[in-house]
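Report on the following structure.
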Amino acid sequence: MRLSAWLLLAPLLPGIINRVKARVAGRRGPPVLQLYCDLARLWRKGVVVSTLASPGFVAGPAVAWVAVLAAALLVPILPLGAALSFRGDVILMVYLLALARFCTAWAAMETGSAFEGMGAAREVSYAVLAEAALITAALALSVRSGTISMGSMLAPPAWTGAALLAAGLFTLLLAENCRVPFDDPTTHLELTMVHEVMVLDHSGPLFAVVLHGAGMKLLLFSVLLVEAVLPLGELSQAAAAGALVGGVLAVAAAVGMVESLLARYAFKRVPLLLTTAFLFCLFALLLAWKGGLA
Amino acid sequence: MGGLLSIAILFLVAAAMSGCRLPRVWLALTLAGASVFLAAAFVALGGGPDWEWRSGFTLGGELLHLRFDGVSAWFLALVGVVGGAGAVYSREYWADVQRPDSAGRGRMWWSLLVLGMGLVLLCSNGLHFLIAWEAFALSAYFLITLERERRETLAAGWLYLAASHTGTLGLVGFFSLLAARTGGWDLGPMGDQPGLAPLFWVALFGFGVKAGIFPLHVWLPSAHSSAPSHVSAILSGVAIKMGLYGIVRFSFWLPLPRGAGWVVLAVGAVSAVLGAAFALAQTDLKRLLAYCSVENMGLILIGVGAGLLGIADRDAAWGCMAMAGAFLHVWNHGLFKPLLFLGAGSVVHATGTREMSRMGGLWRAMPWTAGLFTFGAAAISGLPPLNGFVSEWLMYLGLFDAAAGHTPGGAVMLPAAIALGVTGALCLAAFVKASAVVFLGAPRTKAAAQAHECGPWMRAPMLALAGLCVFLALGLVVVWPLLTRPLAAWYPAWNGSDTPSPVDGLAGLQVLLAVAGAMAAFGLWVRVRSNGMRRALTWDCGISCAALGMAAARAAAARHH
């Protein structure tokens, strides 16, 4: 059931973000379910593959998709818990996202295109800071709760660090999912993009898998952000579920607002922004450490 | 046990003597010696008793004293595997036909290197330890400089020799001080003499040079990149582990000074992050791999340091977890790093260059090498469901547990865990770049366009190493009981029998993930085929066509003149 929830709900979030952006700009915008139609259409289409590409061009997106799905299944949906849970699962989740990154970057390099090479290089170098921030956030939660499995780490009782963690994780969400101000999912200028440029040459079912995986990753980070910040554990089951859904929708709306109000940053400012995210998580970690000692 | 070990030693001595003249006999004998080492190691790891042997013979005025316990066995298994794999590889890679003057020498020194490392792991007398240590260090020097005619190789060899002897000097100092304090060269547990504690720093320096930890790594990148690739493989995979073996061995035989755990952890974290950062900056494929060895030594030392801190903190279980990760990473790195070096060797063999920018598009000509190298790259980046992830995961588990438990030393675990994460991401960046630049895209030079796949003698050892990596990744249920042996030998309180295996949660998931990934790739492939697939040039804004046109024009002009 959790599996189907992740699979079915994943394409919803980008639709909501697009609707928010359209409303802010005074347009009607595409239907919220547009991505579902796109995926169905892409799934039926033929594929054009570069003459240079090896079989890894097909395997890359597939393995990346499995990795993101597996990472999502490790995240507990709070009233229900996770599909899989064991000690240290949070580290497996971080590394599954790294596996997805490896495969995406590999598949991007398959075509031998300079643009995709640039995108891949940007992606993996931003990931260094992003992964540091993610590990720090995980450490903060684990120090705060005294456990290292996500089922008990998330939804900590309310504390000051939550605000810091929220800021850090939200910035991280924007970076990891290639949203403004790190990347612009709507532009078609290859020189300026990160994620979009890596998947330029994917088409048909390959592109469908990439898009669906991106949707799942966005949903994963939104759920993670909400559960890491809100004290859902103190609420009743129904209230927690409602708060979770509301929180995820609020995150989507916030992403939409950011995209409407901000322009993409120059590349040299991106590391600075990511460092800020890392510092937010680090201060949360220090707060948790101090709080535990006191 | 004594029988097995002496048979192996005899085989290797015979191999060294036959190496110059009889390549086939040499290969058979070396393989036999290496496999008997491996068998002995597995007998010990499978639950055999520790073996100790004092003979009446003297060497240099000292009685022979050999000892074989879980820690020696753990490292000896690696000597056997890589010693055998590299020997098979060299048959084609450094063959008599192409290298008539150095192939024979190479075979002889190879056997002596394997033998020397085996003896280092067995000797339990300070003087004999030093002799074995010097024998293996010198064999390594002669192997690095097999290709004498190249300036760069000789320079690298000299640097190695100088650095190695600086380390040996430290070790001579260490063992003589030890002998002076204890009144004899005999080695063994000395935890009851607290006055010996400061000697640990001397040992850490001496062994640290060999292990190539930052900032004592200066010799490592040039030596490991200039050596023939099968030599680089055993140097990176096994020889630098001997330095680590020394650190591990004497961290439980000596009484430890205050702060030893912190220092080891800090040195490890610095080596890991900087090694990975330097690796990312390399354009020479083999130098990249060499810097990555510095990084991996750092990772292992993070685990060892956390293990020592765990012992200091009333034998905490998290220390055991981190140390288990360190031990497992010794094996993991000892398998995938040789795999990567052998893969790099095939590439160098095929293209005649180590510069990554002069390669490209090699997967079409060498699909086996491309596949195996990429497998190794993913494994070394610590990606699930491969083996590198398991050991890093165990170390994370130790560090996170220590932090979550608010242990007194826990504050130092926070930066260590973050360093581990940064290292993983840097390593991933370096290896995506390396494997993609070398194997994907279009060939960038004529040599790359005319590359050829390596033959069966070079392919078989790579396949074997990759197979062992898969076994370590997916067979966790079998691997964990083996792992408890060196842990128990290192610190008897952690005999592992009373603690449930921490990898149970992960073991099934690893297999599931591997199967799911393969199925998804296959399913997507089927879908793509049934939808129809068309090949077309990669869109490059017309640059390549313009460049081709210009090249054609230039060629025409050249002909005209």
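Residues in the stretch B:435-450 that are more than 10 Å from chain A (Cβ to nearest Cβ) and surrounded by fewer than 24 Cβ atoms within 10 Å (Cβ to Cβ): B:T445, B:K446, B:A447, B:A448, B:A449, B:Q450. B:G467 passes every criterion in (1) surrounded by fewer than 24 Cβ atoms within 10 Å (Cβ to Cβ); (2) within 13 Å of another protein chain (Cβ to nearest Cβ); (3) without any contact (Cβ under 8 Å) to a residue 60 or more places away in the chain apart from (2). Given B:A419, B:A402, which one is more than 7 Å from every other protein chain (Cβ to nearest Cβ), assigned to a helix (DSSP H, G or I) and over 17 Å from A:V128 (Cβ atoms)? None of the other options fit; the residue is B:A402. Applying the criterion of being assigned to a loop (DSSP other than H, G, I, E, B) and of a type in the set (S, T, Y) to the residues of the stretch A:129-176, the residue that is surrounded by the fewest Cβ atoms within 10 Å (Cβ to Cβ) is A:T160.
Return the residues of the stretch B:471-526 that are away from chain A (no Cβ under 14 Å) and assigned to a loop (DSSP other than H, G, I, E, B); say none if nothing qualifies. Listed by number, the residues that qualify are B:G475, B:Y491, B:P492, B:A493, B:W494, B:N495, B:G496, B:S497, B:D498. Taking the numbered list (1) within 12 Å of chain B (Cβ to nearest Cβ); (2) at pLDDT 85 or above; (3) not in a helix (DSSP H, G or I) in turn, A:R179 passes all entries but (1). Checked against the criterion of being β-branched (V, I, T), out of contact with any Phe, Trp or Tyr (no Cβ under 7 Å at 6 or more places or on another chain) and assigned to a helix (DSSP H, G or I), the candidates B:T58, B:T153 yield just one match: B:T153. Assessment of the stretch B:341-361 against the conditions (within 14 Å of chain A (Cβ to nearest Cβ), of a type outside the set (D, E), farther than 19 Å from B:T283 by Cβ and buried (at least 20 other Cβ atoms within 10 Å of the Cβ)) yields no matching residue. When B:A416, B:A377, B:A404 are checked against the criterion of being of a type outside the set (S, T, Y) and in contact with a Gly (Cβ under 7 Å, 6 or more places away or on another chain), a single residue qualifies: B:A404. Comparison of A:L206, A:L230, A:L200, A:L235 shows that the only residue that is more than 13 Å from every other protein chain (Cβ to nearest Cβ) and in contact (Cβ under 8 Å) with a residue 24 or more places away in the chain is A:L230. Whether any residue in the stretch A:265-273 is modelled with pLDDT of 85 or more, in a helix (DSSP H, G or I) and aromatic (F, W, Y) is what I want to check. Scanning the stretch A:265-273 turns up no residue that is modelled with pLDDT of 85 or more, in a helix (DSSP H, G or I) and aromatic (F, W, Y).
The set of residues from the stretch A:76-116 being hydroxyl-bearing (S, T, Y), within 30 Å of B:A322 (Cα to Cα) and in contact (Cβ under 8 Å) with a residue 24 or more places away in the chain comprises just one member, A:S85. So for the stretch A:279-294 (the condition being within 30 Å of A:A40 (Cα to Cα), in contact with a helix residue (DSSP H, G or I) (Cβ under 7 Å, 6 or more places away or on another chain) and in a helix (DSSP H, G or I)), does at least one residue qualify? No - not one qualifying residue is present in the stretch A:279-294. Checking B:A460, B:A464, B:A507, B:A514 one by one, the residue that is under 30 Å from A:V49 (Cα atoms) and among the aliphatic types (A, V, I, L, M) is B:A514 and no other.
Specify the residue that is surrounded by the fewest Cβ atoms within 10 Å (Cβ to Cβ); the eligible residues are those in the stretch A:189-208 that are modelled with pLDDT of 80 or more and assigned to a helix (DSSP H, G or I). For the stretch A:189-208, the residue satisfying everything is A:F207.
Out of the residues in the stretch A:100-113 meeting the condition of being of a type in the set (A, V, I, L, M) and more than 7 Å from chain B (Cβ to nearest Cβ), tell me which one is farthest from B:W363 (Cα to Cα). If we take residues in the stretch A:100-113 being of a type in the set (A, V, I, L, M) and more than 7 Å from chain B (Cβ to nearest Cβ), then A:A100 is farthest from B:W363 (Cα to Cα).
Conditions tested, residue by residue: (1) touching a Pro at 6+ places or on another chain (Cβ under 8 Å); (2) surrounded by 22 or more Cβ atoms within 10 Å (Cβ to Cβ); (3) farther than 30 Å from A:G112 by Cα; (4) modelled with pLDDT of 95 or more.
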| site | (1), (2), (3), (4) |
| --- | --- |
| A:L220 | no, yes, yes, yes |
| A:L230 | no, yes, yes, no |
| A:G233 | yes, no, yes, no |
| A:A239 | no, no, yes, no |
| A:M257 | no, no, yes, no |
| A:F280 | no, yes, yes, yes |
| A:A284 | no, yes, yes, no |
| A:K290 | no, no, yes, no |
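The number of residues in the stretch A:259-278 that are touching a Pro at 6+ places or on another chain (Cβ under 9 Å) and of a type in the set (A, V, I, L, M) comes to 4. Given the structure, is B:A425 under 19 Å from A:G88 (Cβ atoms), assigned to a helix (DSSP H, G or I), out of contact with any Phe, Trp or Tyr (no Cβ under 9 Å at 6 or more places or on another chain) and without any contact (Cβ under 8 Å) to a residue 12 or more places away in the chain? Yes.
Scanning for something among the aliphatic types (A, V, I, L, M), at pLDDT below 85, buried (at least 24 other Cβ atoms within 10 Å of the Cβ) and within 23 Å of A:A62 (Cβ to Cβ), does the stretch A:209-218 turn up at least one residue? No, the stretch A:209-218 has no match at all.
Within this structure, A:A53 passes the test of being buried (at least 17 other Cβ atoms within 10 Å of the Cβ) and at negative phi.
When restricted to residues that are in a helix (DSSP H, G or I) and either surrounded by 24 or more Cβ atoms within 10 Å (Cβ to Cβ) or in contact with a His (Cβ under 8 Å, 6 or more places away or on another chain) (or both), the stretch B:89-99 contains 3. Each residue in the stretch B:27-52 was checked for being at pLDDT 90 or above and among the aromatic types (F, W, Y), and 2 pass. For the stretch A:62-99, residues that are touching a Pro at 6+ places or on another chain (Cβ under 9 Å), outside any loop (DSSP other than H, G, I, E, B) and within 7 Å of chain B (Cβ to nearest Cβ) total 6.
The values are calculated or read from the model by the stated rules, or taken from the named source; none is laboratory data. Keep in mind it's a predicted model, so treat the numbers as computed, not measured. For neighbour counting, all protein chains shown are included, and Cβ atoms are generated from backbone atoms with ideal geometry for every residue, glycine included.
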